[in-house]
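No lab work stands behind these numbers, since they all come straight from the coordinates. Predicted model, so just to flag it, every value in this text is computed and none were measured. Glycine gets a Cβ as well: all are built from the backbone with ideal geometry, and neighbour counts include every protein chain shown.
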């Protein structure tokens, strides 16, 4: 390696260590910075860390516009830190990759589409059947509880009470823990998965509840890759529509729960605090973000309004 690459590598590692010492997990940022190092090595750059180097790295990445803006921001903040060690480091323009504030609408799967997706998940790997079982169980858990995908993947065996159906959710988005009870059918699926997992790995090397084909914790990349395969196999990513994401299942859970309450003619307004608590939200506005006005939900809500005598 050139002296520039050697120094840059040391700078990246010290920067990551500093961020983690401050309490940040810094996983995705670390991945971006290591990708940047890989690009610098492959391009045989000999320094300094310049605007052109950072921009070329980001443009060459296979990311969305917002993904590029996020990655550029990681490199820009590192450059501010690294300038203290290499004064030749150029200041990176904050406006080079502006983020789009447009939020793509979630894809709300129908019951039939969800069943097709879970069936396709089982079929994605005949050579490694546990892979399909793992993916199908994760998808079922996300759809039936509204968990964030990261919360599901971080579950340890000790966090899943297979007797009572109670999940201990740790390290949430807002660094809070919560207990999440699951439906009896979800508990049965978790019990079935645990039996098959333990048959495949009778001497576990990881505390993780959901495991990869090697027995370690299932990664976010592994989930998204398998999820994409299952979506294609199930045909749920229709041409011209927003590609389905695991996070869309959290939206689906919120919408489905509201629809069910409307069908039961419950006082939905008074039930919203329960939904917010279950999803791990501290504010109702956070929960409102997940409420998508599907035709079914709007029809049910309208029917309940006029059943009660019409709008005030």
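Taking the stretch 207-227 as the search range and keeping residues that are within 13 Å of the chain's Cα centre (by Cα) and without any contact (Cβ under 8 Å) to a residue 12 or more places away in the chain, which one is nearest to residue 161 (Cα to Cα)?
222
Among what's in the stretch 212-233 and is out of contact with any helix residue (DSSP H, G or I) (no Cβ under 6 Å at 6 or more places or on another chain) and not in a helix (DSSP H, G or I), pick the residue that is nearest to residue 121 (Cα to Cα).
Per the stated criteria, the residue is 219.
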